[in-house]
1. Could you check residue 67 against (1) in a helix (DSSP H, G or I); (2) open to solvent by 10 Å² or more (accessible area, probe 1.4 Å) and say which number it fails?
2. Out of all the residues in segment 126-134, is one or more open to solvent by 30 Å² or more (accessible area, probe 1.4 Å), in a helix (DSSP H, G or I) and farther than 18 Å from residue 83 by Cα?
3. Can you tell me which residue is nearest to the chain's Cα centre (by Cα) among those in segment 85-117 that are among the acidic types (Asp, Glu) and away from the ligand (no atom under 16 Å from the Cβ)?
4. Mind checking whether some residue in segment 16-25 is away from the ligand (no atom under 13 Å from the Cβ), touching a strand residue (DSSP E or B) at 6+ places or on another chain (Cβ under 6 Å) and touching a residue at least 40 places away in the same chain (Cβ under 8 Å)?
5. For segment 91-103, how many residues are part of a helix (DSSP H, G or I) and closer than 20 Å to residue 159 by Cα?
6. Any chance segment 175-189 includes a residue that's touching a Pro at 6+ places or on another chain (Cβ under 6 Å) and within 22 Å of residue 293 (Cα to Cα)?
7. From the list 310, 245, which one is more than 13 Å from the ligand (Cβ to nearest atom), in contact (Cβ under 8 Å) with a residue 60 or more places away in the chain and touching a Ser or Thr at 6+ places or on another chain (Cβ under 7 Å)?
8. In contact with a Gly (Cβ under 7 Å, 6 or more places away or on another chain) and over 23 Å from residue 306 (Cβ atoms): is that true of residue 229 in this structure?
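The values are calculated or read from the model by the stated rules, or taken from the named source; none is laboratory data. Only a predicted model underlies this, so the values are computations on that prediction, with no experimental measurement involved. Every residue, glycine among them, receives a Cβ derived from its backbone with ideal geometry; neighbour counts consider all protein chains shown. These accessible areas exclude ligands, DNA and RNA; they are computed on the full protein's heavy atoms, side chains included. Shrake-Rupley method; radii C 1.70, N 1.55, O 1.52, S 1.80 Å.
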Amino acid sequence: MQKKRLGNTELYLSNIGLGTWALGGGGYAYGWGSQDDKESVSTIWQALDSGINWIDTAPVYGLGHAEKIVGKALKGHKEVLIASKCGLIWNEKRKISGCLKRVSIRREIEASLRRLKRDTIDLYQIHWPDPDEDIEEAWSFMMDLIKEGKIRYAGVSNFDLNQLKRLQSIYAIGSLQPPYSMLMRDLEKEVLDYCADNHIGLIVYSPLESGLLTGKFTKDKIANLPNDDWRKKKNSHFQEPELSINLKLLENLRPLIKKNGRTMAQMAIAWTLRRSEVTAAIVGARHPAQIKETVVAGEKVLSPEEIDYIETLLKERAKTIKKEII
Ligand SMILES: NC(=O)c1ccc[n+]([C@@H]2O[C@H](COP(=O)([O-])OP(=O)(O)OC[C@H]3O[C@@H](n4cnc5c(N)ncnc54)[C@H](OP(=O)(O)O)[C@@H]3O)[C@@H](O)[C@H]2O)c1
């Protein structure tokens, strides 16, 4: 599998990384309904067998559960790189909040290392810039963690341009983890260029828009998602009035996949990888067959004509959204 250097770091990542948010299961505000742990471990092993060399996780995924599953699956696989995060904590009522104080991140890193059964985390990322006024404190603490050997490299996630600039002036940022998919293109406005100019690695998340861009969802299927699957009520792409517009887009994309023998999911991921600034896409999966299908997305390169055709459809979608929703 093709590997790329992550920004200025010495990490070489396969162009697809496995995302483990859904492996945390349900039972909290951003859960994915119930998930079988054995199936999760098999999914991680399938990812490794397919050539994926890194896993993205976070303490908040399943409130510690996803990291435990990663630790279990990767026992004996020390060569596999782990990216985890800090900055989202939860209380005894399972309510999640942002905290970027040193003392809190100290607690978080020790707990993550225990769950992951590792002495060091390869890439440690500030999950959200929340609260904004504490991002510098968190960043300088992450530099301490590098010196201590608890983490190898530091990155950020969900940061805007101004926040990136603030941290870059203190210490070079290793990577940014932003959302990027056919439905979420904010990154293209200015952040892509800034990252390329400053050698910041880009690992983009939710390339399938949390499953919607696989093309498998209908309105009925979404209505039948379990109540503790966050997509049912909390993701605007899965809700009206946007949902009908998104389903129409998928319908219009269908002729393209028929013509080229790739699946909708592979095409959606390949679309994010068309940008040379992107180091890798973080793709979620809850069953081995899902990652087996998507892991080859990097080989399903889109032609310039296909990219243009998709662009026309995306512009039409954006226009409809502007007219009917905004
Ligand atoms: N930094 C952040 O704030 C942040 C935010 C979001 C995500 N992330 C990271 O990015 C990763 C990926 O994002 P994501 O989990 O939102 O979504 P994604 O990769 O866009 O979609 C993954 C979901 O799509 C479905 N799916 C995957 N492959 C499929 C296939 N071949 N056929 C049919 N369905 C398939 C699965 O859910 P179902 O089977 O249930 O439909 C799977 O959980 C996360 O796991 C996490 O590591 C980070």
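1. (2)
2. Within segment 126-134, one or more residues are open to solvent by 30 Å² or more (accessible area, probe 1.4 Å), in a helix (DSSP H, G or I) and farther than 18 Å from residue 83 by Cα.
3. Out of the qualifying residues, it is 110.
4. Our first condition is that a residue be away from the ligand (no atom under 13 Å from the Cβ); within segment 16-25, this holds for none.
Checked against the condition, which is being away from the ligand (no atom under 13 Å from the Cβ), touching a strand residue (DSSP E or B) at 6+ places or on another chain (Cβ under 6 Å) and touching a residue at least 40 places away in the same chain (Cβ under 8 Å), segment 16-25 yields no hits at all.
5. If we filter segment 91-103 for residues that are part of a helix (DSSP H, G or I), which is where we start, we get 102-103.
If we keep only those that are closer than 20 Å to residue 159 by Cα as well, we get 102.
Selection size over segment 91-103: 1.
6. Yes: segment 175-189 contains one or more residues that are touching a Pro at 6+ places or on another chain (Cβ under 6 Å) and within 22 Å of residue 293 (Cα to Cα).
7. Checking each option against the conditions leaves just 245.
8. Judged against the criteria, residue 229 is a match.
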